[in-house]
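Please read the structure below before turning to the comments.
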Amino acid sequence: MIYVAFNMAVCSVVFAPWAQPRETISGLLGRWLETETGVKRIFASMAGLVVDAIYFWEVDHCRGVFHVERDARKVLYP
């Protein structure tokens, strides 16, 4: 639980202009992979490979986290 809170804090500081509420770095990369074009998508595809390799036991980790966080935001912020 502390890891997730730390991840959200780092995401909100490092990616301040682009981060959404309650978003982790994995979720941000997954969102950029699915919804963005250009530089953001290129960055997400490269960084996403690293993050997906870290979480090797979860297939397509970044996109999966994006979907979970998106659904949670729909419930938390109607």
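Does Thr35 count as surrounded by fewer than 13 Cβ atoms within 10 Å (Cβ to Cβ), at negative phi and among the hydroxyl-bearing types (Ser, Thr, Tyr)? Yes. Only residues that are at pLDDT below 95 and assigned to a helix (DSSP H, G or I) were counted in the stretch 15-34, giving 0. A search for C-beta distances below 8 Å between a residue of the stretch 55-78 that is within 14 Å of Gly27 (Cβ to Cβ) and any residue that is among the aromatic types (Phe, Trp, Tyr), counting only pairs 6+ apart in sequence or on different chains, returns His61/Tyr55. Since Asp71 meets every condition but one in (1) loosely packed, with under 14 Cβ neighbours inside 10 Å; (2) closer than 16 Å to Cys11 by Cβ; (3) modelled with pLDDT of 95 or more, which condition does it not meet? Against the list (1) loosely packed, with under 14 Cβ neighbours inside 10 Å; (2) closer than 16 Å to Cys11 by Cβ; (3) modelled with pLDDT of 95 or more, Asp71 comes up short only on (2).
The values are calculated or read from the model by the stated rules, or taken from the named source; none is laboratory data. What you see is a predicted model, and the numbers here were worked out from it, not measured in a lab. Positions of Cβ are backbone-derived with ideal geometry, glycine not excepted, and every protein chain shown enters the neighbour counts.
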